[in-house]
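> Before we start, here is the structure in question, set down as structure tokens.
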Amino acid sequence: MLGFVQHGVNSHATGMWRNTTDKIGFHFARPEYWQHMARTMERGLFDAMFIADELAPYSTFQDSSDATIKYAVQCPTHEPSTIVPIITGATKHLGVGVTLSTMFTHPYAMCRILSSLDHLSGGRVAWNVVSSYSKSEWEAYGHVEMTPRSERYEKMEEYMDVCYQLWDSWEPGAIVADKASGIYADPSKVKLVDHDGPYFKCKGRHFCAPSPQGRPVLWQAGSSGRGRDFAAKHAEAIFAVHPGVERMRLYADDLNQRLETTFKRPAGSVKLIYGLQTVVAETRSEAQEKYERIKACIPLEGAIAWISGHFGLDFSKMDLSENVQNIEVPGIQGLFESIIYAKDPLGRVPVTVKEAALIYAQGMGMPVAVGTARDIADQMETYMDEGGADGFMLAATYTPGCFEEFVDLVVPELQRRGRLRRAYEGTTLRENLLAS
Ligand SMILES: Cc1cc2nc3c(=O)[nH]c(=O)nc-3n(C[C@H](O)[C@H](O)[C@H](O)COP(=O)(O)O)c2cc1C
């Protein structure tokens, strides 16, 4: 189980900052908020808090970031790695998944940041490997044109190769720390990485001592064909969003096929974590009322600005009643599918621009489970047993309340059914994640 958030005023449920139950007594940019969320998730024995990120406000809608800023569409969003030590400092077992883009940071610097975080957390860090899909990110980093998807994946392949060389460069026993002789480390056991590739050059030794996990847990959410291959090759866990159990099953089968045939990894060896949004209460009618209040917070223009940003198309140029089913999007393909198939697993029922925006703005196209703890546990069991889910990424609505309610109501129900741990199995994130 993971909690899905951003280091910002509003995560993936658009307009949620307006909800009267959001962040009562907390400010998103203060440590107390993150410490409380972390302790809440650890109380519920979550594997990790997962911090999504992008690098700049979306500017695809009307060729401007005005609507993004006006409606707090994942904006402001602060830098995600800065809160990792705050979260892990407040907890003993909870891991943190941190999204860091490979596009504008040299792999040498990336490895150093992640190894440092892995040390400070005692081995509780995962890295969500992304490649910056939005034009606003590229423009903010001084690029006129975005590198196309397939080339971004090629670049990421080489990026990972450099990272592996760096992380693996300190051999076991390299650190001697012999005060009498004055020798701290044996240079013959610390390899000099000398990489000269089409995209990256790197000559040097990794500057960090080997961290508790050796390298962070590798996480991926690519969902185009190329993205799925990348995930099947490198990832230990995958984050995917599918609106219903049929699409989940297709995805799980496809991924297992890629694992076995192309990458010679056993089926099931990558943890499949599906996005889910939950709205729980003691009674169904109370849960439904909460859900209506959540939906009422969504500003339509802000929602359209968000889909424009994520999918790389200016939806202001389309009529609100136009069907989105048959259009090509340059942005996040996998998440677009959560809309196309939102009403029907075969995508036969048209979805208009307005519907697409409102579906997506609730929680990035994730299925929503609304009801009592038993209703929600039932739905989760179906996704596990029939959809191949190994776990769930729970999208935030109002915080920290949505996680407190989940932990107080749903966690005991899942434990009662034997679907959730009663104690952490290991000390590192990798140990806990692989055991669960
Ligand atoms: C569920 C999900 C969550 C994602 N979260 C992020 C994110 O937080 N930051 C980011 O830059 N990209 C994110 N992405 C984008 C992907 O990691 C990937 O770079 C992008 O989808 C382009 O590859 P694709 O076309 O293969 O999906 C996410 C994608 C999915 C499916």
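> Quick check, is GLU328 within 16 Å of the ligand (Cβ to nearest atom), surrounded by fewer than 24 Cβ atoms within 10 Å (Cβ to Cβ) and without any contact (Cβ under 8 Å) to a residue 12 or more places away in the chain?
When the stated conditions are applied, GLU328 passes them.
> Then there is this: ILE376 passes all but one of (1) over 22 Å from THR68 (Cβ atoms); (2) of a type in the set (Val, Ile, Thr); (3) part of a loop (DSSP other than H, G, I, E, B); which number fails?
(3) is the only condition that ILE376 fails.
> Can you find, within the range 159-218, the residue that is nearest to MET103 (Cα to Cα) among those that are touching a Ser or Thr at 6+ places or on another chain (Cβ under 7 Å) and either among the basic types (Lys, Arg) or at pLDDT below 95 (or both)?
ARG205
> Keeping to the range 107-134, report how many residues are of a type outside the set (A, V, I, L, M), under 20 Å from PHE230 (Cα atoms) and either in contact with a Lys or Arg (Cβ under 9 Å, 6 or more places away or on another chain) or within 11 Å of the ligand (Cβ to nearest atom) (or both).
Adding up the residues that qualify gives 7.
> I would also like to ask the following. When you go through SER181, SER188 one by one, which is the residue that is in a helix (DSSP H, G or I) and over 21 Å from ILE332 (Cα atoms)?
After ruling out the rest, the residue left standing is SER188.
> Continuing with the same structure: Please determine whether any residue of the range 9-25 is under 27 Å from ARG422 (Cα atoms) and without any contact (Cβ under 8 Å) to a residue 60 or more places away in the chain.
Looking through the range 9-25, none of the residues is under 27 Å from ARG422 (Cα atoms) and without any contact (Cβ under 8 Å) to a residue 60 or more places away in the chain.
> Considering the range 223-253 alone, what residues qualify as being within 13 Å of GLY387 (Cβ to Cβ) and in a helix (DSSP H, G or I)?
Across the range 223-253, the qualifying residues are VAL245, GLU246, ARG247, MET248, ARG249, LEU250, TYR251, ALA252, ASP253.
> Also: I'd like the residue in the range 228-262 that is within 12 Å of the ligand (Cβ to nearest atom), out of contact with any helix residue (DSSP H, G or I) (no Cβ under 7 Å at 6 or more places or on another chain) and among the small types (Gly, Ala, Ser) and, out of all such residues, is nearest to PRO172 (Cα to Cα).
ALA235
> Oh, and also: Quickly run through the range 285-336 and pick out the residues that are over 27 Å from ASP375 (Cα atoms) and among the charged types (D, E, K, R).
Within the range 285-336, GLU301, ASP314, LYS317, ASP319, GLU322, GLU328 meet the criteria.
> Right, something else. Specify which of the listed residues (GLU137, GLU145) is more than 23 Å from GLN213 (Cβ to Cβ) and within 15 Å of the ligand (Cβ to nearest atom).
Result: GLU137 is the single residue among GLU137, GLU145 that is more than 23 Å from GLN213 (Cβ to Cβ) and within 15 Å of the ligand (Cβ to nearest atom).
The values are calculated or read from the model by the stated rules, or taken from the named source; none is laboratory data. Bear in mind the structure is a predicted one, so any value in this text is a computation, not a measurement. Glycine also receives a Cβ, built like all others from the backbone with ideal geometry; neighbour counts cover every protein chain displayed.
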